[in-house]
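Any read-out appearing in this document is the output of simple, stated calculations on the displayed coordinates, not a laboratory observation. What you see is a predicted model, and the numbers here were worked out from it, not measured in a lab. Cβ: placed from backbone, ideal geometry, glycine included. Neighbour counts: every protein chain shown.
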Amino acid sequence: MGGYSFTGASISPQTKTFFVEHFNNRASIVQPMLSSELTLALTNKVSSSTTLKSSDDNPDVYFKGTITAYNITPVSIQGDDKAAKNRLTITVKISCVNKQDKKQSFEQSFSRFKDYDSGLSLSDVEESLMKQINEELVEDIFNKAFVNW
């Protein structure tokens, strides 16, 4: 029987520590802040939503992430062949090793996107979009690692 928390997380009582390795950025477009922000966001999510303590000394749950895509693509083309919206998509590949509960270990890609008005430059909206996408990615990763539906 696993332990439970108010977040719906199901974590073995033997599981005490976790570590999130700094995300590698292998995307063709490298956004300089993305690796650090994703690493910190996942670390904060696990810390605030579980009783696990962050430790790089032989952690019970270990996350390794690689940013594999950071793309801007046109969506919803108007009659004059101009894009009314652009889409920022971020994809990460996550490897999660759970030493206490091996069946909770996984390797999977997660992808999220946000659309923005094509009249805006990416630099106007990038920070805000990145934050929203990161929150969704972190939620997806956390749920895959700790929430058993």
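Which aspartates and glutamates, on any chain, are close to K85 with Cα under 16 Å apart, when same-chain ones fewer than 8 places away are left out?
Once the sequence-local aspartates and glutamates are set aside, what remains near K85 is D115, D117, D124, E126.
Report ³J(HN,Hα) in whole Hz for each residue of segment 114-120, in order, from the Karplus equation J = 6.51 cos²θ - 1.76 cosθ + 1.60 where θ = phi - 60°; Gly and Pro get x.
Result, ordered by residue: 9, 9, 9, 4, 5, x, 9 Hz.
May I ask for the angle, rounded to the nearest 10°, between helix 34-49 and the longest principal axis of the chain, with both axes built from Cα atoms and the value confined to 0 to 90°?
40 degrees
How do R26, R87 rank when sorted from fewest to most other Cβ atoms within 10 Å of their own Cβ?
Ordered from fewest to most neighbouring Cβ atoms within 10 Å, R26, R87 come out as R26, R87.
Can you tell me the 0 to 90 degree angle between the C-alpha axis of helix 122-146 and the longest principal axis of the chain, rounded to 10?
30 degrees
Could you list the square roots of 5 times each eigenvalue of the Cα gyration tensor of the chain, that is, the equivalent ellipsoid semi-axes, sorted largest first and rounded to whole Å?
Semi-axis lengths for the chain are 34, 15, 12 Å.
Test of understanding: what is the full-extension gain from H22 to T43, defined as 0.36 nm times their sequence separation minus their Cα-Cα distance?
6.6 nm
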